[in-house]
Amino acid sequence: MDEYRESQKKRVQEALDMGELETGRGLHQEFGLTRACDTRWGSHYKSFSNFIIMFGSIVDVLNDIVVDSHCPNKSAKKKEQDIVNAMLLVQVAKKRLQKFREDEWGSLIDKVSKFCIKYQILIPKLDEPYFTSLRSRRKLAGCTISHHYYVEVFCKVIDWQIQELSYRFDEVTTDLLHGIACLNPIDSFSSFDLRKIMRMAEHYRDDFDEFSMGVLKNQLASYIIDVRDLDERFSDLKGLCDLSKRLVQTKKHSNYPHVFLLVKLALLLPVATASVERTFSTMKFIKNDLRSRMNESYFSDCLVPYIEKDVFNRISNDVIIKTFQGMKPRRVQL
């Protein structure tokens, strides 16, 4: 990091001297390579963006590491998103990827060429025959370099991204998320849609059999007239949590038990998906190859502080030391 900072400082100063950068408060802050996370795709975009910005300094540091490696004794990381809008954004992302695949190959090549020229990276002649290290030069792959990178790299990566979005947001997931959005009481139940809610309930077959589905449909029809048009106590709700509490406070959870069950399932769903997924990511981080023989108790103790960072960050080190010291007599005072 020290070498990177020194290299970046020199590059920024050179750009300032040449008039390529502007000076001002808050400009030219230090960037880092954010650790990519499978459950937060925005981290990938940030990592690549920072990598492009830092590329010159990264190359300088890597060159220094190569040199040092030959010398003795040197060695070389909106809290909530409206569900309906989120689902629309998935569709937008897929359409933009498809449009990018069809229309933006030429502009991408131009950007890559400028990047390579800036950092003195060799650019192959795209119209020449393509061959790999696995083939003899006498046995060409039968396509040009341009065709190879367009079909085997560019299109293949975009197709993989579209396929991944379709896999993560399949028909079942879409039905569940739309059902949750339609149950949301925000703006006087403006998103309520009986058909989409019934579609959501169909995926909970253990809770709603054929008879229960008929009862649920009847309860939903009465419920929405009650809470939206008649009972003013439901006019200021800001989410499903508030709705669940208000149903209990007004005793309406006993009037509409099937609706109340669906509200509880809707509250559990985001927790049961995102939290579990993040927990599995955390498990891989804590129990790695160097710490693969943890017992379950110690593993659990490590997981809790890591997952509940917001809670544990409020606890001072002095409190932790005092509690640890008081657990049993110790020979040394921490």
Item to complete: Working only within the stretch 295-308, note down all residues that are open to solvent by 90 Å² or more (accessible area, probe 1.4 Å), of a type outside the set (Ser, Thr, Tyr) and in a helix (DSSP H, G or I).
Response: 296, 301
Response to the item:
Of those in the stretch 97-128 that are of a type in the set (D, E, K, R) and in a helix (DSSP H, G or I), the residue least open to solvent (accessible area, probe 1.4 Å) is 101
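Here is a yes/no grid of residues against (1) among the β-branched types (Val, Ile, Thr); (2) modelled with pLDDT of 85 or more; (3) crowded, with 19+ Cβ neighbours inside 10 Å; (4) more than 18 Å from residue 88 (Cα to Cα):
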site: 165; (1), (2), (3), (4): no, yes, no, no
site: 179; (1), (2), (3), (4): no, yes, yes, no
site: 184; (1), (2), (3), (4): no, yes, yes, no
site: 188; (1), (2), (3), (4): no, yes, no, yes
site: 194; (1), (2), (3), (4): no, yes, no, yes
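Answer with yes or no whether residue 146 is closer than 30 Å to residue 246 by Cα, open to solvent by less than 70 Å² (accessible area, probe 1.4 Å) and among the polar types (S, T, N, Q).
Details: closer than 30 Å to residue 246 by Cα: no; open to solvent by less than 70 Å² (accessible area, probe 1.4 Å): yes; among the polar types (S, T, N, Q): yes.
In short, no.
Just checking, how many residues over the stretch 178-206 are basic (Lys, Arg) and assigned to a loop (DSSP other than H, G, I, E, B)?
Of the stretch 178-206, the ones basic (Lys, Arg) are 195-196, 199, 205.
After this cut, where a residue has to be assigned to a loop (DSSP other than H, G, I, E, B) as well, the list is 205.
Summing the residues that are basic (Lys, Arg) and assigned to a loop (DSSP other than H, G, I, E, B) in the stretch 178-206 gives 1.
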Worksheet, complete the sentence: Filter the stretch 41-64 for residues that are surrounded by 13 or more Cβ atoms within 10 Å (Cβ to Cβ) and at pLDDT below 75; the one that is nearest to residue 116 (Cα to Cα) is 44
Worksheet item: Which of the residues that make up the stretch 207-256 are closer than 22 Å to residue 177 by Cα, part of a loop (DSSP other than H, G, I, E, B) and open to solvent by less than 50 Å² (accessible area, probe 1.4 Å)?
Response: 208, 237, 239, 256
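The values are calculated or read from the model by the stated rules, or taken from the named source; none is laboratory data. Because the structure is predicted, anything quoted here is derived from the model rather than measured. Glycine also receives a Cβ, built like all others from the backbone with ideal geometry; neighbour counts cover every protein chain displayed. Areas reflect the complete protein model, heavy atoms only, side chains present, ligands, DNA and RNA absent. Shrake-Rupley method; radii C 1.70, N 1.55, O 1.52, S 1.80 Å.
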